[in-house]
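Student: To start, I am sharing the structure in question, which I have written as structure tokens.
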Amino acid sequence: MLGIIPLFRIFDVDKAKEFYVHYLGFQIDWEHRFEDGAPLYMQVTKGEVSIHLTEHHGDCTPGSAVRIEMTEIEQYHAELHSKNYPYARPAVETAPWNSKEVCVTDPFGNRITFYEELEPS
């Protein structure tokens, strides 16, 4: 096995792009529609992490969750706050399992927890 790509259900392409591209800083790798007016299926990537966003009703369930391990979470948190995204103001929290975490929820109820493992104390 070489990797995993989560799928998130979306209902509005503009809101998805505002959240994933403009707020979280992912880039759009590609977009696909079977024909004009058909539901969108696209891939966004930041660093080594890709996510598929889909308008197709049978692909996945809204309200899913994923955890993304990263480094420099404090810097990323500051970057998110500098964008003044009106629908999210996540905090950095220290979890009981010894990680720092920033949790965001997209406009469709999907939750992403970015986390950085802390050194054992």
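Student: Here are labelled values, (1) 12, 27, 18, 12, 9, 8, 6, 5, 2, 1, 0; (2) 12, 38, 27, 11, 7, 4, 1, 0; (3) 12, 43, 32, 10, 2, 0, and one is the computed P(r) over Cα pairs in 10 Å bins from 0, in percent for what I pasted. Which one?
Tutor: Read-out from the structure maps to (3).
Student: Right, another one. Counting Lys and Arg as +1 and Asp and Glu as -1, each charge on the Cβ, what is the dipole of the chain about the Cα centre in debye, to the nearest 20? Spell out each step's value before the answer.
Tutor: Values: 10 positive and 20 negative charges, 56 e Å.
Result for the chain is approximately 260 debye, rounded to the nearest 20.
Student: How far apart, in nm, are two points set 7 Å out from the Cα along the Cα-to-Cβ line at Asp12 and at Arg111?
Tutor: Taking the simple label geometry, Asp12 and Arg111 are separated by 2.2 nm.
Student: Can you classify the stretch 30-69 as rounded, prolate or oblate using the Cα gyration tensor, where a ≥ b ≥ c are the square roots of its eigenvalues, rounded means a/c under 1.5, and otherwise it's prolate if a/b beats b/c and oblate if not?
Tutor: Working: a/c = 4.65, a/b = 1.48, b/c = 3.14.
Since a/c reaches 1.5 but b/c is at least a/b, the shape of the stretch 30-69 is classed as oblate.
Student: Something else now. Pairs of Cα atoms under 8 Å, at least six residues apart: use those to get the relative contact order of the chain, whole percent. Can you show the working numbers first?
Tutor: Numbers: 204 pairs, mean separation 30.4, N = 121.
About 25 percent, as a whole number.
Student: Points 7 angstrom from Cα along the Cβ direction at Ala95 and Asp29: gap in nanometres?
Tutor: Label-label distance for Ala95 and Asp29, simple model: 2.4 nm.
Student: Let me ask you something else. Give me the one-decimal nm value for the distance between modelled label points at Ile5 and Glu74, 7 Å along each residue's Cα-to-Cβ direction.
Tutor: My value for the distance between the label points is 3.5 nm.
Student: Another question, then. 222 nm [θ] for the chain, helices only, -39500 (n - 2.57) per DSSP H run of 4+, per residue, to 500?
Tutor: Values: 2 runs with 15 residues, N = 121.
The helix-only estimate for the chain comes to -3000 deg cm²/dmol at 222 nm.
Quick note: the coordinates plus some simple rules give every number you see, no bench work behind them. Everything quoted here is computed from the prediction, not taken from an experiment. Cβ coordinates were reconstructed from backbone atoms using ideal geometry, including for glycine residues, and neighbour counts include every protein chain displayed.
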